[in-house]
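One structure is given here, and the rest of the page talks about it.
The values are calculated or read from the model by the stated rules, or taken from the named source; none is laboratory data. None of the values given here were measured: they were computed from a predicted structure. Reconstructed Cβ throughout: ideal geometry from the backbone, glycine too, with neighbour counts over all protein chains shown.
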Amino acid sequence: MLQRALDSVTKQDYTNLEIIVVDDGSNDNTEQVVKRDNDKRIKYYRKKNSGPADSRNYGLKKAKGKYICFLDDDDTIKPDKINKQVKFLKLNSRCVFCYTNAYFYLHNKQFLYINHVPENTYLSLLLKKNYLICPSVMVRKQALVGIKLFQKKYEPVEDFELWLRLAKKYPFGYLNHPSYSYNVHGANLTKNIHKVIYNNSRIRYSHLITYSQPIQKRLQCDFKFLTYYYHAIQNYYEGNSSSSRKTFLKLIKERPLFIKSYIFYLQSFFPKNIILNIFYKLYLILQKERVSIV
């Protein structure tokens, strides 16, 4: 898989590249694969296993380029990705960051994932979903100087937390172009979905509280509801089932059509994650039966 990922980078039509491979304490043949390429642009670093956040931060500290991209070893990018994004950022000097569409591979089927362009990137990320997937991103390195980078405590959604902080300060750009192929692993998603939900809620709750005044003006009555909702999820995952149950019951009474409150309310009566696992497996089954869009 690493060889495919490396090939997709070395064959870019933009050639002025610094390719940093961070080996996070693997037991495979990563070093041999890298050396086999014999490409002077590739720099190999091996470190103790500490997870994706630390590995990305390690690579960022080694990077000397003006623009930064990210790629996992089982994904690939299209030959024109870097060239298109560099041109975009040069033409749009106010943007520090741009992202693209993607091809997803799930259950051996290909889906075209199309991002939308929100009027307010920060509020859209905070209140809707994280539609920015790490390999689609190109960011100016200057925007990352002197700030906290990827934070390990938010894995596996540490990138979402960083994008939120950047979106709070800077305008983002969007390229309506599928630039990379992203492999979705159903088993890993099921394993990590609870960490994703918990840390997404922690991040959103933190931002709602920290920036409460300007957000409250935009959201009006939604602010209180969302604050309670994300705090209740956080309480549930931290073992306060009784407290979260009471909050979800209040939220159901306030907004009876908000289905997620019912799911978490039911979950609070059972051993952790049973109901959520059922709903998520149903979601994966539905995804498996979807028509491919190519």
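In table form, for the structure just shown:
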| read-out | value |
| --- | --- |
| Some residue of segment 237-249 being modelled with pLDDT under 90 and closer than 20 Å to L126 by Cβ | yes |
| Tally of residues being crowded, with 20+ Cβ neighbours inside 10 Å and in a helix (DSSP H, G or I) across segment 238-274 | 8 |
| Count of residues meeting criterion [outside any strand (DSSP E or B) and either within 15 Å of L71 (Cβ to Cβ) or among the acidic types (D, E) (or both)] in segment 35-50 | 3 |
| Answer from K109, K66, K84 - the residue that is under 11 Å from V139 (Cβ atoms) and of a type in the set (D, E, K, R) | K66 |
| Pair list, Cβ under 7 Å, 6 or more apart: segment 229-253 residue without any contact (Cβ under 8 Å) to a residue 12 or more places away in the chain, other residue buried (at least 16 other Cβ atoms within 10 Å of the Cβ) and not hydroxyl-bearing (S, T, Y) | S243/N235 |
| Unmet requirement for V34, which otherwise passes all of (1) in contact with a Leu (Cβ under 8 Å, 6 or more places away or on another chain); (2) modelled with pLDDT of 95 or more | (2) |
| Residues that are part of a loop (DSSP other than H, G, I, E, B) and either in contact with a strand residue (DSSP E or B) (Cβ under 8 Å, 6 or more places away or on another chain) or in the same structural domain as Y211 (by TED's automatic domain parsing) (or both), drawn from segment 161-177 | Y170 |
| Qualifying residue in segment 179-192 (condition: part of a helix (DSSP H, G or I), in contact with a His (Cβ under 8 Å, 6 or more places away or on another chain), within 30 Å of V9 (Cβ to Cβ) and at pLDDT below 90) | yes |
| Failed criterion for G59 (all others in (1) closer than 23 Å to E161 by Cβ; (2) in contact with a Ser or Thr (Cβ under 7 Å, 6 or more places away or on another chain); (3) without any contact (Cβ under 8 Å) to a residue 40 or more places away in the chain hold) | (2) |
| Selection count, segment 51-67, where residues are surrounded by fewer than 20 Cβ atoms within 10 Å (Cβ to Cβ) and among the hydrophobic types (A, V, I, L, M, F, W, C) | 2 |
| Matching residues in segment 1-34 - criterion: being loosely packed, with under 12 Cβ neighbours inside 10 Å and either outside the structural domain of E161 (by TED's automatic domain parsing) or part of a helix (DSSP H, G or I) (or both) | D7, Q32 |
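Matching residues to (1) closer than 24 Å to H231 by Cβ; (2) buried (at least 19 other Cβ atoms within 10 Å of the Cβ):
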site: K153; (1), (2): yes, no
site: Y174; (1), (2): no, yes
site: N183; (1), (2): no, no
site: N199; (1), (2): yes, yes
